Each structure stands twice: as structure tokens, then as C-alpha cells.
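My questions will all concern the structure given below.
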Amino acid sequence: MAISGCRLQDLECYRKNQAEFLEFPPQSQAYFLPLGLGVKLEVMNHWTPAPSAQFISPALPSAVGDPAPYLRKVFTVGCGLRRAVLYVTALGLVETQINGSRVGDAVLSPGWTAYRERLLVWEYDVSALVQEGTNVLGAILGEGWAVGPLGSRMVRQHYADRPALFAQLELTYDDHQDLVVTAPSSAPKRAQDWQVGSGGVRANGLYAGETFDARLEVPNWATPDFKPTNWGPAIRYDWPVDCLELASVPPVRRIEELRPVKIITGPAGYPIIDFGQNIAGWVRLNLVAPKRGRDIIIRHAQGLTPDRTLEREPNRGAKATDRYIAAGQPQETWEPRFTYHGFRYIEVEGWHANPRPEDFTAIVIHSDMTRHGWFESSNPALDRLHANTVWSMRSNFVSIPTDSPERNERLGWTGDLNLFVPTATYLYDVRAVIESWLTDLMIERARVGNTPRTAPLVDPRPPRLTALWGDALVNVAWTLYQEYGDPEILRRCWAAMVSYVDEVAGLLDGDGLWRSGFQYGDWGDPDSPTRDPLNGRTDKYLIAQAFYTRTTAQVAQIAELLGEPGAEHYRDLNSLVKAGFQARYVSGRGIVEGETPTGYALAICLGLLSGEQQAYAGKRLNSILAGRDYTAAAGFAGTPFLADALTQTGHLAGAYKLFLQTKYASFGYPVTMGATTIWERWDTIRPDGTLNRHGLTSLNHYALGAITDWLHRIVGGLTLVEPGWTQFRIAPQVGGSLTHARTTHQTPHGPAMVSWRLADNEMTLEVNVPEGTTATVHLPLHPEHEPHLVTPGHHQWSYQPLT
């Protein structure tokens with residue numbers, strides 16, 4: 001819709017037209033969101049027909065330190081069984097067994113979603129586990145996200161007051177089907193034939209850790225041979241089953257195992273085990289003939305202090321302590337079920353023997369996504385920086401995209417993913433995980449009336465409209481669409497996108513500026529005061545205005561793509577806010593207010609300057625960064641844009657210096673300090689090895705790993721041009737004394753690859769273009785050569801470079 005009859009600067013006129021726009025009939029009624037109202041969502045995998053089972057639980061609510069409930073039911077299988085399928089989920093966490101055999105290999109199941117609206121149900125073919133005659137279906141329940149403490153406030157029972165189980169086992173015969181369920185829909189208060197007891201799993205929590213008393217575990221508790229005593233009846237637990245959704249996301253699994261690289265003795269006399277890599281997961285113990293009752297305590301940490309004690313401050317309120325009490329058997333092996341930790345080091349109290357490397361195995365867990373992107377170069381430090389990004393992503397995609405795995409937070413922060421999503425889509429197939437998260441974000445937005453800071457939402461404080469965090473719903477969905485080429489990704493989010501943009505438009509002042517309300521600004525600016533990461537140097541409203549220009553431009557494009565009304569309307573709004581940015585924050589030949597790296601980088605990369613202004617801003621940005629020796633100069637909002645701003649304005653050498661600098665608080669500095677993941681700030685550890693106690697102390701936080709996207713596109717030279725990678729650009733930009741780089745990305749059509757090598761005054765470029773795509777190739781260090789349009793296949797060029 002065009003705004004007619006008034007100047008764009010006339011905001012009152014704009015608002016009248018905005019109201020008119022909101023009266024247009026929506027094209028996709030299922031996703032229409034009138035301003036200020038809730039989102040109407042379609043469930044992608046709703047269960048039809050409706051489930052036959054209900055939830056069951058122990059009789060009493062759980063308290064801190066309670067043992068995990070063990071539930072079991074005896075059932076009979078007749079002859080002629082063709083197939084057995086189990087559907088299972090829980091409020092809390094669940095590990096299921098049939099006849100003593102574990103069902104599936106997922107961990108931390110069912111994962112975390114907005115449980116009240118969607119709780120994932122996992123489907124397993126268990127035909128090989130059942131037998132003709134008597135069988136037992138068993139489950140152990142942990143507190144997990146539904147019952148245990150969540151967030152920095154450590155609020156318990158956010159969703160439920162106790163763990164509860166849902167199970168529906170379908171036994172299909174030639175001529176009929178039998179059901180084994182937790183409780184039928186018509187069940188009375190007491191669940192039929194389900195018994196509840198306890199075993200070795202005692203206290204358990206995602207943040208605190210898990211206690212296991214092997215003396216209390218009955219190995220055959222989920223088999224027909226076990227005859228329970230002192231077990232009570234389960235009761236039906238009141239939870240609506242219409243929230244159940246068949247899972248279509250990859251589960252969290254054990255992905256990798258790591259052995260210790262070093263064992264030392266700490267000042268307290270306890271062994272400290274170094275696994276050589278910061279991870280999310282836990283440790284498996286292997287004990288040989290331990291004394292019965294031996295109490296082993298395992299404390300986890302991401303780093304060590306200079307005096308070789310565990311540095312536990314990054315854990316904040318998470319105890320991150322597991323405890324194992326031995327049964328006294330000749331051989332005992334144990335790992336926790338219902339917790340996970342962010343760590344590289346463990347301290348082991350109570351071992352009472354010389355620890356051997358084979359006694360400890362670190363288990364790496366994350367959502368089981370398929371790897372899609374790789375990068376390598378001739379610079380080992382650059383490769384380690386890239387690897388650190390990959391490891392931080394792995395550590396923080398645990399059911400949802402989180403901020404860090406070690407502390408009592410681990411929340412689905414919108415701003416963090418908004419920054420990182422271009423890197424995430426390149427490195428892994430994240431579509432299912434992120435689409436699930438986007439669904440939760442829309443659900444929570446509908447529930448609280450605004451885009452929350454995290455999804456699922458646990459913070460009781462009302463959310464506030466903020467840039468970067470608030471517009472994640474738009475940019476994350478847009479980036480997914482670019483990667484996978486499916487407009488349905490956008491269609492599902494369309495109404496919520498429109499609502500956000502229109503709500504912010506309602507806050508603009510008479511000059512078309514967003515300069516009221518709370519903003520995170522350049523969160524984590526290295527020059528912000530200690531423990532005050534909100535108070536960065538760049539005007540927080542400059543940042544908000546800049547990102548709002550990007551958001552309005554994206555929504556205009558999305559409206560046109562989907563055939564929704566309002567594309568011209570949002571283009572006009574975009575022109576309005578861009579003009580507002582220019583008038584308020586840019587002066588003369590291109591001076592951006594405050595002259596901060598973040599201000600210049602955003603103005604350049606988000607297209608807020610004229611050509612002449614762009615050139616000046618790039619020169620000024622490079623000068624500012626050079627004055628800091630290309631060390632950290634921006635926070636969350638600005639850092640991902642610094643290298644691109646330099647590259648776009650002809651300062652490629654400066655961009656390379658950003659990545660190759662290793663001085664304190666530079667991109668490369670953590671690598672020199674032995675980092676194996678991305679830190680929350682580049683200066684989290686000082687050169688003397690002590691923690692910089694400014695509050696942002698995570699040593700495994702993927703947000704700043706967003707810089708890795710530049711390595712893929714500029715150094716590797718692989719850039720998407722059309723959604724779904726039907727067309728892409730190959731244009732490596734050589735610099736920084738690198739002599740080789742290679743990147744590969746698994747596109748929806750197959751692998752795209754770029755490899756270049758400079759040796760003996762000869763440049764060699766090799767590329768692979770998958771079927772169903774085309775690529776434009778710009779030969780590096782050969783500016784006089786016309787670009788090549790290449791078709792699928794393997795192509796190679798060798799030539800003398802022109803410098």
C-alpha cells in the first residue's frame with residue numbers, strides 16, 4: 001500500500017495509513033495477528049487422532065533433593081504381534097525401558113519447548129524389545145526444565161509441581177490393536193496398574209547436577225522378574241493432552257566422547273582432569289572394585305585459576321556437581337541422566353586411588369544436527385578460531401539455542417541467535433531446531449503481548465520492545481528462508497513480524513525516530529563500565545534505529561514475496577526511518593554520531609549512508625580500529641559487522657588485521673590463551689590467567705562467533721545470492737599473508753566448495769558447483785578478469801596473480 005497525500009516525514013499521516021493497512025484482509029488467516037492481539041498458530045505436527053493416554057505422576061509434589069520417580073507397568077503381548085510403537089514424553093525428563101532395555105538413544109528427552117502449548121512426543125518402534133507373554137514398560141523421571149529451577153532467579157516448578165509421564169504403546173496384530181497407556185482418558189484419580197518407586201537416581205537438576213546411589217539401584221526393576229515392594233500407585237496427573245505434538249526436531253544425543261589429556265593434583269589434594277576441550281555434557285566414570293559406600297564428588301568448571309583450582313565464577317548459581325555412591329561391585333560404570341554441564345575440567349573428590357585416563361570419559365551432547373559447513377586455511381590460529389565457533393555452537397544447541405551451558409541461565413536468548421544465525425545456518429542443518437524455537441517465540445509473544453527476550457519464556461518481568469532482541473523473529477526467519485529457500489518459513493511468522501514492526505512504528509517520534517524505552521544497546525561493549533554491560537559508548541537509540549531500518553526493509557520484501565498486502569507501505573516506512581537516521585545521526589561527509597566503531601559499522605553495513613559518506617565512514621572506522629591495534633572495539637551489536645564494514649569500504653587489510661591480531665582483547669587473543677570455545681567477551685581472561693570479573697565471564701558463548709560468517713564469505717569466498725542456494729557467488733578476497741583457504745557448504749542441492757592456494761607466484765582456484773545451481777566466479781587477485789558464470793561441476797583455474 002502506498003502512503004499517499006502526505007510527506008513521509010508527516011508521521012501522523014503515516015499512522016493514519018497504518019491503521020488503514022491493518023484493516024486489510026489477511027491472505028493467511030491462520031497467521032493473522034491484529035496489532036496487540038495474540039498469534040493464532042497452526043500446529044505443524046498435531047497428533048491425529050487424539051491420543052488415548054493421559055499423564056500420570058507420583059502422588060505428591062516434588063521438593064528439592066527428592067529422588068527421581070521410577071514408574072513401571074506390567075503388560076501382556078499375545079501371539080502374532082506385527083509391530084509395537086511407543087509414544088512417550090514427560091513433564092520433566094524421561095528415560096524409558098522395556099524389559100530392562102533402554103528405549104532409543106536420546107538424552108534430556110523430551111527437550112524444552114513452551115510446554116503449556118506444545119510438548120514434544122517421541123515415537124519409537126519397539127518391536128524388537130517386546131516379547132510374547134509378560135513384559136514391563138518402565139520410566140525414570142527427572143526434574144528437567146518443567147519442574148527444576150530455571151533462570152538466574154532459580155524459580156522451581158515453572159510448568160509443573162512434579163515430574164509426570166505420558167506413554168502410549170500401540171501393539172498391532174493382524175486383526176486388531178491393543179493399547180498400553182499411562183492412564184486412559186476415562187481413568188479415575190488412580191492410574192491403572194502403574195506403580196511408583198525409587199532407585200539409584202536421587203537428587204537431580206539441570207544446574208545443580210545429579211546424585212546417584214548405586215546401593216539403591218535395582219538392575220532388573222523394569223523386567224518381569226522384579227517383584228516390587230514398598231512401591232505405591234501412580235495417580236493421573238491433570239495436564240491437557242491437546243498440547244502434545246509429534247516431534248520433528250532432532251533429539252539431543254551423545255555425539256562424541258573425549259578422554260583426558262592431562263591429570264594433575266589440585267591444591268586441595270584432589271585430582272583435576274583436563275579433557276582438553278570445553279564442551280556441554282557430562283563425565284562417565286569407570287570404577288574398578290570400589291569400596292561399597294565410596295562417595296565420589298565431581299565438580300565441573302570451564303577453566304582453572306593460576307594456582308590450578310577450578311574457576312567456578314562462570315557457573316554463577318549452578319552447582320554443577322555430580323555425586324556417585326558406589327555399590328562395591330567388581331566393576332562399576334556410571335554417567336548422569338538428568339543434568340548437563342559446561343566444562344573442560346573436573347575436580348574429583350573421594351577417588352581414593354591413582355586416577356587413570358581410562359577412568360574418565362567426557363560425553364559431548366547436543367541436538368543431533370547434521371554438519372553442513374567447514375573452513376580451513378594456512379593460518380592455524382584462524383582455524384582454531386573457527387573451530388572454537390563450531391564447538392560453542394555445539395555446546396549451545398541443546399534442544400534450543402542457548403547462551404552458555406555452564407551457568408544457571410541456558411536460556412533461548414533472542415539477540416544472541418539473531419547475531420549468530422548466518423553462521424549457524426552455514427555450519428549445521430539448523431532448520432528444525434530453529435523453526436521449533438521460532439514457534440515457541442511466537443507462542444510466548446502471543447501469551448505476553450510482546451516479543452520476549454528469551455524463548456521459551458521464564459522471566460516473569462513483562463518484556464519490552466527492543467532492537468536486535470525484539471526483531472530476532474524477523475531476521476532469524478528471513479535468514480532461514482535465505483538458506484533453505486522455503487517461503488513457508490516466512491509465512492508461519494508473518495503475522496508476528498507485522499505486529500512487531502507496527503508496534504515499534506507506534507513508538508516513533510515526530511521525526512520518525514525510535515528514541516524512547518529500554519534498549520540493550522551495544523551489550524558487552526569492552527569499554528563499558530565494569531559490571532555494567534548496558535552502558536556502551538554507542539547511543540543505544542542509534543543502534544535501535546539502525547536495526548529497525550533493516551527490519552522494515554526485510555518485512556517489505558517478505559510482504560512482496562508472500563503476496564501479502566503492505567509491501568509498499570513498509571518500503572515507505574523504511575524510507576522514513578532511514579531518513580530519520582540520516583537526519584539525526586549522520587552529519588557532513590559521513591560522520592556518525594559518537595564516532596564509535598559500532599556506529600560506523602552499522603551505518604555502513606545496513607546501507608544508511610550515501611556513496612561519499614560510505615567511503616569516509618569506512619576510512620574513519622579503519623582509522624579508529626588501527627588506533628586500537630585492531631583489538632576489541634565493539635559489543636554484541638557491532639562486532640559481527642566490523643570486518644564487513646571494512647571490506648565493503650576498501651579496507652580489506654584492516655579486516656584481516658582484526659582476525660589475525662592476537663593482542664589482549666582481540667579476536668585472536670583467546671586462541672593464544674588456550675581457548676577452545678568462544679568467550680562471552682574477548683577479554684574474559686587476562687594475560688596473567690585470572691578471570692576478568694566484569695560479569696560476562698562465560699568461556700563458552702557463541703554470540704561473538706558470529707564473526708565466523710566473514711571467514712566463510714570473504715576468506716573462503718562462498719556467498720549465497722538467491723534463496724536456497726540456487727545461485728551463489730564465489731569471490732575469495734586474499735589477504736593477511738594467507739596462502740590457502742578452503743570452505744565447503746552442504747547446500748540444499750549438494751556440496752558447494754571453494755579452495756584457493758597461492759604458491760610460487762601462481763594462484764590456483766578450485767570450485768564445485770552442485771546440480772541445480774549456478775555460480776558467478778570472481779577470480780581472486782585478478783581484477784581485470786571478467787566474472788565467470790559456471791554451471792554444475794568441478795572447475796579449476798591457475799594463473800599468475802595481478803597485484
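The values are calculated or read from the model by the stated rules, or taken from the named source; none is laboratory data. Being a predicted model, the structure only gives us computed values, none of them experimental. Cβ placement follows ideal geometry from the backbone for every residue including glycine, while neighbour counts extend to all protein chains displayed. Surface areas here come from the heavy atoms of the whole protein model, side chains and all, with no ligands, DNA or RNA. Shrake-Rupley method; radii C 1.70, N 1.55, O 1.52, S 1.80 Å.
Do you know which residues across the stretch 265-306 are open to solvent by 20 Å² or more (accessible area, probe 1.4 Å), over 22 Å from Thr211 (Cα atoms), within 30 Å of the chain's Cα centre (by Cα) and not small (Gly, Ala, Ser)?
Once the filter is applied, which keeps residues that are open to solvent by 20 Å² or more (accessible area, probe 1.4 Å), over 22 Å from Thr211 (Cα atoms), within 30 Å of the chain's Cα centre (by Cα) and not small (Gly, Ala, Ser), the stretch 265-306 yields Leu304, Thr305.
Might you check whether a residue that is closer than 27 Å to Ala455 by Cα, at pLDDT below 90, within 29 Å of the chain's Cα centre (by Cα) and not aromatic (Phe, Trp, Tyr) occurs anywhere in the stretch 45-57?
Scanning the stretch 45-57 turns up at least one residue that is closer than 27 Å to Ala455 by Cα, at pLDDT below 90, within 29 Å of the chain's Cα centre (by Cα) and not aromatic (Phe, Trp, Tyr).
So, one more: Return the residue satisfying two criteria in turn: it lies in the stretch 501-518 and is in contact with a Lys or Arg (Cβ under 8 Å, 6 or more places away or on another chain) and open to solvent by less than 10 Å² (accessible area, probe 1.4 Å), and of such residues it is nearest to Glu560 (Cα to Cα).
My answer is Ala505.
Out of the strands (runs of 3 or more DSSP E) lying entirely within the stretch 745-803, which hold 1 or more residues that are touching a Phe, Trp or Tyr at 6+ places or on another chain (Cβ under 9 Å)?
750-759, 762-769, 774-777, 788-790
Does any residue in the stretch 343-364 that is open to solvent by 10 Å² or more (accessible area, probe 1.4 Å) come within less than 6 Å, Cβ to Cβ, of a residue that is among the hydroxyl-bearing types (Ser, Thr, Tyr) six or more places away or on a different chain, and which pairs are these?
Glu347/Tyr270; Glu349/Tyr270
Scan the stretch 376-387 for residues that are assigned to a strand (DSSP E or B) and open to solvent by less than 20 Å² (accessible area, probe 1.4 Å) and jot them down.
Once the filter is applied, which keeps residues that are assigned to a strand (DSSP E or B) and open to solvent by less than 20 Å² (accessible area, probe 1.4 Å), the stretch 376-387 yields only Ser377.
To continue, here is another question. Among the residues of the stretch 257-288, what is the count of those that are hydrophobic (A, V, I, L, M, F, W, C) and assigned to a loop (DSSP other than H, G, I, E, B)?
Of the residues in that region, 2 qualify.
Could you grab the pairs with beta carbons closer than 7 Å, sequence gap of 6+ or different chains, first residue in the stretch 130-154 and closer than 15 Å to Thr339 by Cβ, second one open to solvent by 10 Å² or more (accessible area, probe 1.4 Å) and assigned to a strand (DSSP E or B)?
Filtered contacts from the stretch 130-154: Ile140/Glu95; Leu141/Val94; Gly142/Asn204; Glu143/Asn204; Pro149/Val155.
Mind checking which strands (runs of 3 or more DSSP E) fall wholly inside the stretch 185-256 and carry at least 3 residues that are open to solvent by 40 Å² or more (accessible area, probe 1.4 Å)?
Values: elements: 190-197, 201-205, 209-213, 232-237, 244-246.
By residue number, 190-197.
Do we find that Tyr630 is without any contact (Cβ under 8 Å) to a residue 40 or more places away in the chain, open to solvent by 50 Å² or more (accessible area, probe 1.4 Å), among the hydroxyl-bearing types (Ser, Thr, Tyr) and closer than 23 Å to Pro526 by Cβ in this structure?
On the way: without any contact (Cβ under 8 Å) to a residue 40 or more places away in the chain: yes; open to solvent by 50 Å² or more (accessible area, probe 1.4 Å): no; among the hydroxyl-bearing types (Ser, Thr, Tyr): yes; closer than 23 Å to Pro526 by Cβ: yes.
Taking the combined requirement at face value, the residue does not satisfy it.
Restricting to the stretch 295-335, give me the number of residues that are outside any strand (DSSP E or B) and of a type in the set (Val, Ile, Thr).
Just the residues of the stretch 295-335 that are outside any strand (DSSP E or B), to begin with: 302, 305-309, 312-320, 326-330, 335.
So of that shortlist, the ones also of a type in the set (Val, Ile, Thr) come out as 305, 309.
Result for the stretch 295-335: 2.
Mind listing whichever residues of the stretch 442-486 are aromatic (Phe, Trp, Tyr) and either under 18 Å from Ile400 (Cβ atoms) or open to solvent by less than 30 Å² (accessible area, probe 1.4 Å) (or both)? Explain how you work it out, then say what you get.
Filtering the stretch 442-486 down to residues aromatic (Phe, Trp, Tyr) leaves 469, 478, 481, 484.
Result: Trp469, Tyr481.
Which one is nearest to Thr423 (Cα to Cα), of the residues in the stretch 708-757 that are buried (at least 20 other Cβ atoms within 10 Å of the Cβ), of a type in the set (Gly, Ala, Ser) and within 25 Å of the chain's Cα centre (by Cα)?
Among those that are buried (at least 20 other Cβ atoms within 10 Å of the Cβ), of a type in the set (Gly, Ala, Ser) and within 25 Å of the chain's Cα centre (by Cα), it is Gly716.
Could you tell me which residue of the stretch 581-597 is most open to solvent (accessible area, probe 1.4 Å), considering only residues that are part of a helix (DSSP H, G or I) and touching a Ser or Thr at 6+ places or on another chain (Cβ under 9 Å)?
Ranking the candidates gives Gln582 first.
Right, Gly111: under 28 Å from Asp440 (Cβ atoms) and either touching a residue at least 12 places away in the same chain (Cβ under 8 Å) or open to solvent by 10 Å² or more (accessible area, probe 1.4 Å) (or both) or not?
Yes.
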